[in-house]
Amino acid sequence: RLRALIFDVDGTLADTEHAHRAAFNEAFAEAGLDWHWDEPLYTRLLEVSGGKERITHYWREVRGDIKAINAGALADTVQHIHDHKTAGYERRVHDGAVQLRPGVLKLIESAHRDGLRLAIATTTSPVNIAALLRAAMGPTWSSFFDVIEDATTAPHKKPHPQVYVQTLQRLQLPPAECLAFEDSANGLKAARAARLATVVTPNPFTAHHDFSGALRILPSLQGTTVADLRGWHAATQ
Ligand code: XBP
Ligand code: MG
């Protein structure tokens, strides 16, 4: 029996990556770096989950000197850039730059009414989740979610399954009683490695990814009902 829905945030609940990209570029300029991530480059860099991991990966790509930098100093610099990036992202969300994807709010509200438990499994930071969901759902947004696992609680980023494994542990449910919702190949891999049946709603940044192993691949959650989810889930049992 289906008991819980577990949602990724970035790209799944909302098309957040335009705002993330702009915030990264602003943070690079602030740090005096001449880096600029355009859309094609950012699309490629999204293969690295996690903002700090993405910055470190790019540093390694464009500069040969990474080995010469003391690991602590590098981590501090990346942290500084990422703090600015987070502040810039929050400001954009505040200013209304990001909305939930079609069908998301309706599905969350009807699943909650229907007694399904809801959880979040994301690689992003808690402040980003709060900014987005407060803006989209109002001040009571957190009452909808029983469990939130994020960058602070699950340091191994997707495709590592840690964030999903910990979400299941905290829900105290087996994966067979849950469905995951993802938008990317890394997210799908993480969920599948935690044995979760997964509904994928790709977005323009992830449309080219390989989604083999997905339970369903849908253009969005618009029109998807709780009854649909229960039916798809029952077919997996
Ligand atoms: C999303 C990410 C995030 C965002 C940036 O992956 O990889 O890193 O792009 O957010 P997923 P932070 O949707 O699979 O969780 O800078 O806060 O990491
Ligand atoms: Mg995602």
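Throughout, read-outs are computed from the coordinates displayed, never taken from laboratory work. Quick caveat, the model's predicted, so the values are computed rather than measured. Neighbour counts are summed over all protein chains in view; Cβ atoms, including those assigned to glycine, are modelled from backbone coordinates with ideal geometry.
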Problem - the chain: Rg to Rh, with Rh as the Kirkwood radius over Cα pairs - result: 0.98
Exercise for the section: Enumerate the calculated ³J(HN,Hα) couplings along region 14-25 in order (Karplus 6.51 cos²θ - 1.76 cosθ + 1.60, θ = phi - 60°), each rounded to whole Hz, writing x wherever the residue is Gly or Pro. Expected result: 8, 7, 8, 5, 4, 5, 4, 4, 4, 5, 4, 4
Handout entry: All lysines inside 18 Å of K52 as judged from Cα atoms, apart from same-chain residues fewer than 8 positions distant
Key = K67, K85, K157, K158
Handout entry: In degrees, nearest ten, helix 71-94 long axis to first principal axis of the chain (Cα)
Key = 60
Fill in the blank from the handout: Checking rank on 148-154, 111-117, with mean other Cβ inside 10 Å and highest first, the result is 148-154, 111-117
Problem - Gyration tensor (alpha-carbon) shape descriptor, region 144-237, a/c threshold 1.5 - result: oblate
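For region 17-94, build the convex hull from the C-alpha positions and give me its volume per residue in Å³. Please report the intermediate quantities before stating the final value.
Values: hull volume 6.6 nm³, N = 78.
Once divided by residue count, the hull of region 17-94 is 84 Å³.
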Practice task
Report relative contact order for the chain in percent, whole number only (criteria: Cα-Cα under 8 Å, sequence separation at least 6).
Solution key: 26
Handout entry: By average C-beta atoms within 10 angstrom, highest first, the peptides 70-83, 216-229
Key = 216-229, 70-83
Problem - Packing-based ranking, highest mean first, of 2-12, 32-42 given that Cβ atoms within 10 Å are counted - result: 2-12, 32-42
Practice task
With θ set to phi - 60°, apply the Karplus curve 6.51 cos²θ - 1.76 cosθ + 1.60 along region 142-156 and write out the HN-Hα couplings as whole Hz, x wherever there is a Gly or Pro.
Solution key: 6, 5, 6, 10, 6, 9, 10, 10, 8, 4, 7, 9, 10, x, 7
Handout entry: Phi-based couplings in Hz for region 133-138 (Karplus 6.51, -1.76, 1.60; Gly and Pro marked x)
Key = 6, 5, 5, 8, 10, x
